[in-house]
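The values are calculated or read from the model by the stated rules, or taken from the named source; none is laboratory data. Note that the structure is a prediction, hence the values are computed from the model and not measured. Positions of Cβ are generated from backbone atoms using ideal geometry, with glycine treated the same way; all protein chains shown enter the neighbour counts. The protein model used for the area step is the full one, side chains on, heavy atoms only, and it has no ligands, DNA or RNA in it. Shrake-Rupley method; radii C 1.70, N 1.55, O 1.52, S 1.80 Å.
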Amino acid sequence: MSETIIVTFHQLNAQVLSLSQGSLKPNNIQLNWLDLFEKLVIWKYEGFHYPYLNSKFCGLIDKIKIDRTQCRIDLVFVVADVDAEPQCARNLTDNTTRLLSRNAGEAADKRVHVVFKGDPAQPCIANIAMEHERGVSTRVFINTLNYLFRHARKYNQDQSVKSFFIGEHPTDRLFVS
């Protein structure tokens, strides 16, 4: 039996832009979605948890498949919710139901499939299709991506991480007034 699913479509732009009007845009940085996700896999961020809202939720990107010939990335995005309503199981023989209990430290997963489709002429721009699931938004997906790259830049000791990120990130600067 096939089901109808709702899919949302978006366009993501990974260009590096200047922070303010009149400031220079760095010309030496060319981002590519295929390279970005390939790096996440190499740096072992596939399945890495992004905890937010006092660890009541976590986001993670799992099962990343990169197809360079099709300029395509397939992945599973998961949002786990500690406070989610208990899930039910139904016995199909006698039609009884029971609540599925979770152990301490466990959360209910919501999983969606996400497909990135890029254009080789503009590798920093990707069209994405994302299954619609209540509580799993594109904003949460982007926040998770940002967290993973920020974590890699700050904490990952792999030498390829240090050579990938060039320069100082604006949020790392101390502003003195």
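Overview of results
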{"read-out": "Sparse-neighbour loop sites [GluC sites (Glu not before Pro); segment 43-134; at most 12 other C-beta within 10 Å; DSSP]", "value": "Glu106"}
{"read-out": "Projected label distance in nm at Arg150 and Asn54, using a 7 Å step from Cα toward the beta-carbon", "value": "2.0 nm"}
{"read-out": "Quarter of Cα convex hull surface for the chain, i.e. mean projection, nm²", "value": "15.1 nm²"}
{"read-out": "For segment 49-136, alpha-carbon Rg over 2.2 N^0.38 Å", "value": "1.45"}
{"read-out": "List Arg153, Arg102, Arg90, ordered by accessible area with a 1.4 Å probe, largest first", "value": "Arg90, Arg102, Arg153"}
{"read-out": "Subset of Lys44/Lys117; Lys117/Lys162; Lys39/Lys63; Lys39/Lys65 violating a 18 Å alpha-carbon distance limit", "value": "Lys44/Lys117; Lys117/Lys162"}
{"read-out": "Two-site FRET efficiency, Glu38 against Ala104, from Cβ-Cβ distance with R₀ of 45 Å, rounded to 0.05", "value": "0.80"}
{"read-out": "Nearest-10 value in Å² for the accessible area of Leu53, using the 1.4 Å probe", "value": "110 Å²"}
{"read-out": "Value of [θ]222 nm, deg cm²/dmol, for the chain, DSSP H segments ≥ 4, -39500 (n - 2.57) each, nearest 500", "value": "-6000 deg cm²/dmol"}
{"read-out": "Nearest 10 degrees, 0 to 90: helix 138-155 Cα axis against the chain principal axis", "value": "60 degrees"}
{"read-out": "Carbon plus sulfur fraction of accessible area for segment 80-155, probe 1.4 Å, in percent", "value": "49 percent"}
{"read-out": "Added length on full extension, which subtracts the Cα-Cα distance from 0.36 nm per residue, Arg134 to Leu31", "value": "34.0 nm"}
{"read-out": "Average accessible area per residue (Å²) across segment 51-177 - probe 1.4 Å, nucleic acids and ligands excluded", "value": "67 Å²"}
